[in-house]
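To start, the structure under review is shown below, and the notes come after it.
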Amino acid sequence: WWKAVSTGAMAGPSTADLFAALRDESAPLSADAMEAFASGVKLDLAAGGAECRAEVEDLVRASVACSAADRAAEALIVDVRSPGEFARGHVPGALNVPLFTDDERAKVGTAFAKQGRGVALVLGMKAVRPKLERLVNEVVRLVEAKEAEPSSASARARGHAPLVVYVHCWRGGMRSSSLTWLLLHAAPPGSLDVRVVRGGYKAFRRFVLTRWHTPASLTRASSSSSMASSVSTNSSLFEDAGVSGDAEKDKKESAEKRPEPRVCVVGGRTGVGKTAALLGLRAAGESVIDLEGLAAHSGSAFGWGG
């Protein structure tokens, strides 16, 4: 299958021809060739619909499914950022398949800032082309392992669609796009459903932070609660120094007041994983009140019915 990509048998000729030349480690690289390849990758993905079908909401649902032990996860989340980026913050349930080491990423970023995009693309390709085949093989291996799980295998036996692979980097740029292009054209036709996440991890992080707020009826002190701190640490969602700075400010303010309950309300639409979040917090040692569980899953939508 790898040879098929290189010869252009499974890809658009212009992009595939460029790729065949660029992946040759003995061949020189130019900024113009890399710009042309980057444009070809974007056009190929747009034509295939890969970029249009993966929004941050899709990634959130996939994360909940991958993190819940009682669900059949029909998705795989692949984070192609460097190990350091992944360690500072990542989508729960994501697996790290880094294109660059931390040192390589730093050099590419410096080149981009000081010498421009073309030079950065050349430097990035030099770093990544010796390991392209290994990267694709690693993702294929992860997909095969996920599909071999009893829950996934039984679901597919009932006629479900192939496993969805969500690929993301920091902003949904060249790193995730290039690996997605390779996966789509290297794997047998129809065997993989690979999607680039629009906006990448940055969009996911913004999505979560805009929904992490203190209800108006509670004090600001509740935003620095032990539950909030546990979620911040365990799910690796928050990495800004500003978040910890706000927590320190809240702690100082609360010290000047009477001790008050520290409460974090978990809410959301049906199926987003509220119960899974509560069970995870309980397993981490937090005090949890599961109102739905106490009511034996009887809601108020049907009055006294339950």
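Tell me which of these P98 doesn't satisfy, since it passes every other one: (1) surrounded by fewer than 18 Cβ atoms within 10 Å (Cβ to Cβ); (2) in a loop (DSSP other than H, G, I, E, B). Among (1) surrounded by fewer than 18 Cβ atoms within 10 Å (Cβ to Cβ); (2) in a loop (DSSP other than H, G, I, E, B), the lone unmet condition for P98 is (1). Filtering the range 45-63 to residues that are open to solvent by 40 Å² or more (accessible area, probe 1.4 Å) and modelled with pLDDT of 85 or more leaves E55, E57, R61.
A quick yes/no check of all residues on (1) more than 21 Å from the chain's Cα centre (by Cα); (2) at pLDDT 95 or above; (3) not in a helix (DSSP H, G or I):
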{"site": "P92", "(1), (2), (3)": "no, no, yes"}
{"site": "D103", "(1), (2), (3)": "yes, yes, no"}
{"site": "A113", "(1), (2), (3)": "yes, no, no"}
{"site": "R129", "(1), (2), (3)": "yes, no, no"}
{"site": "R134", "(1), (2), (3)": "no, no, no"}
{"site": "E138", "(1), (2), (3)": "no, no, no"}
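The values are calculated or read from the model by the stated rules, or taken from the named source; none is laboratory data. Since this is a predicted model, take the numbers as computed values, not measurements. All Cβ positions, even for glycine, are placed from backbone atoms using ideal geometry, and neighbour counts span all protein chains on display. Keep in mind that these areas ignore ligands, DNA and RNA; they rest on the heavy atoms of the full protein, side chains included. Shrake-Rupley method; radii C 1.70, N 1.55, O 1.52, S 1.80 Å.
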